[in-house]
Structures are given as C-alpha cells and as structure tokens.
Amino acid sequence: MEALGHPPLNSLTSCRRHYQGQQHCTRLLGTTRCLNYSEPSSVKCRPFYGTRHRGLNSIRVQAVEEDDEVRQMKDMAAARKRWEALVREEKVKVLTPREAGYAMQLSNKTLLDVRPSTEHKKAWVKASTRIPIFDVDSRFDAGTLSRKVTNFMMGGWWSGVPTLSVDGQFLSKVEEKFTKDTDLIVACQKGLRLSLMRTSCTEESEDTDGMILQVEILSFLENLATELSYLSCDTKSLAACELLHNAGYRNLFWIQGGLEAADEGDLEREGPVPFKLAGIGGVSEFLGWTDQQRVAAAKEGWGYRLVFSARLVGVFLVADALLFGAQQAARYLQEIRSH
C-alpha cells in the first residue's frame, strides 16, 4: 500500500481510534475541548475550574460534618460519664416511681417537676413543684421560626414534640423556693435516653473542686435544646440534678425511668391522662400508633382499639375526599381555560 501512495493500514486504524477518542471526550465534557497533544502546553493544562471548585467545597462541607459528628459523640460520651458518676458516687440517689411516692408520703420530700408545659398539663404529681429546665419556645424571631419549621419537618408533626429552649433562670428559680438542705426528688417524663442525643457543647473545664462550671453546663443545655425538639430523647432530670449538685444541693433524688415508668397508684396523680401517656402527641397519638398506646390497648381490650381504628379510617376518607376534590377542581379549571 505504501507503494501505491497510501498510508499503512496500522496508521489508519490509529487515526480512527484517535478520532473516536476525541468524539467520546467531547460527549463527556460537552462544550469543553478535548486535550490535543499538538496544542500548546498552556492549553493542555487548562483546569476545569467550576467542577473543581464545587468538588473542593463539597469535600470541605463533608469534612465539617464529620468533625461535628465526632465532636457530638465526644460531648455525648462526656455528659453520660458525668451523669453516671453522679449516680455511681451516690451524689444523686436513684428511686423508682413507687419509692418516690412513699418518700413523699412518709418523709415529706418535695418532687421537683422539670418537664415542659406540654407534658405537665396532661398529668402531674399532686403537691409537686414545677420548674422546667426546658420549656416550649414561644419566641417568633427569625431564628426561632427556622427551628420551629425544622422541628416540624423532622418529625414534630408526627410525635407532637414542640420546639424547646433552656431556661437560663432555672437555678435561680429553684434557689428562690428551696434551701440547699431541702430533699428534692427530680422528675422528668421519660428518664435518661442518651443513645439518641446529639449536641454541640463547649469543651469541659473544671473548677477547684473538680466540678463542671455552671456556665458551660448551661451552654451544653442551650445547644441540646436545638436538637432535643425533634429527637426522641429526654435528659432533663439528670441535667437538672447536675446543675443543682454543682450549686450546693446535696439531698438529691432521681426517678429512674421518669414519670412514664410509674404505674397507677405509685404516685398521686392529677390531670386528664395517665403518666404513661403524658409525653406523646401529634399524629401518632391521634392514630394510636405509639408504644404507650399499644400497651394500653392490650390492657383495655377491643373497645380501646376500635376508637383508633375508626380514626384511621376517617383519615383515609378525608384524604380520599381531598384528592377527589383536587381532581375535580383541576378539571373545572381546565374547562374554563378551554372556553
């Protein structure tokens, strides 16, 4: 073929492969030019700035998120160790709900209810004192509204858990009502559930007595409130015990499992619902799809279950009616436009 003036066969194959490679590169990069080794070096080394910068930004964001998760795990472990130490060293004595009821009746100990208003208004212990460490955030500034929307979207609509904020005056309110030698039984709704807690807390520092500074604990709780609204966790009572112990209260008791662990008769209850149902809400409560309601249904029988079954059927009927109405409205609007 060379004698006839044609290029050799292997060179034709190489050119074809080179042309196909250029086409493939063009398809992948769109308007970006494929590098050609015949072009100057300045062209060959041309970087894709937009894609590169976006990649670097995503890497930075991912690194920040990983650092936050690591810090949150460390803060969670540190808080758990502090609270376990309080109980292990008997700086805070553990009581069952029944033992707490006996203590209130026989030795006139005071029960300090640290739950938010949404839980307290459903059921409370007779003769108890309520000073919440977290309460419903009633502010309407931009930051709070953003938190409320996030809380609702992250499951608040289902669980009914409101947006909470820490009460920075909690300790001063307790000191106004009780002296340092008062026997206080601290109670919340569900007890300690650290496994789901995610917080962002300042690093620990200790004073001369080896106790965590009150300012850092309040900072810890403030950051905890941001996540507590839409996570199924409850650390109110032990967080309150830590604050009170560091403030000089030495006769502290903690109800293990919270008021939700109390059976009827353990504590003298007031309010419209049992303690076990005081911490539920939202759509899950309306439909009866909570663990507490399932336990109650097993005890109450079919009559209790039929109520929630009827509600579920009603929800499906309403949803079907709304869908049918939307379809009819769309059809009506389409007919108006066509005419």
* **When each of Lys148/Lys173; Lys74/Lys177; Lys91/Lys126; Lys180/Lys236 is checked by Cα-Cα distance, pairs over 32 Å** => Lys74/Lys177
* Area accessible to solvent at Arg311, 1.4 Å probe radius, in Å² -> 90
* Protein accessible area in region 261-314, 1.4 Å probe - carbon and sulfur % -> 59
* **Dipole in debye (nearest 20) - region 227-339, about Cα centre, beta carbon charges: Lys, Arg +1; Asp, Glu -1** => 420
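The values are calculated or read from the model by the stated rules, or taken from the named source; none is laboratory data. Just so you know, these numbers come straight off a predicted model, no measurement behind them. Quick reminder, even Gly has a Cβ in these numbers, built from the backbone with ideal geometry, and neighbours come from all protein chains shown. Ligands, DNA and RNA are stripped out before the accessible areas are found, and what is left, the full protein with its side chains, is counted by its heavy atoms. Shrake-Rupley method; radii C 1.70, N 1.55, O 1.52, S 1.80 Å.
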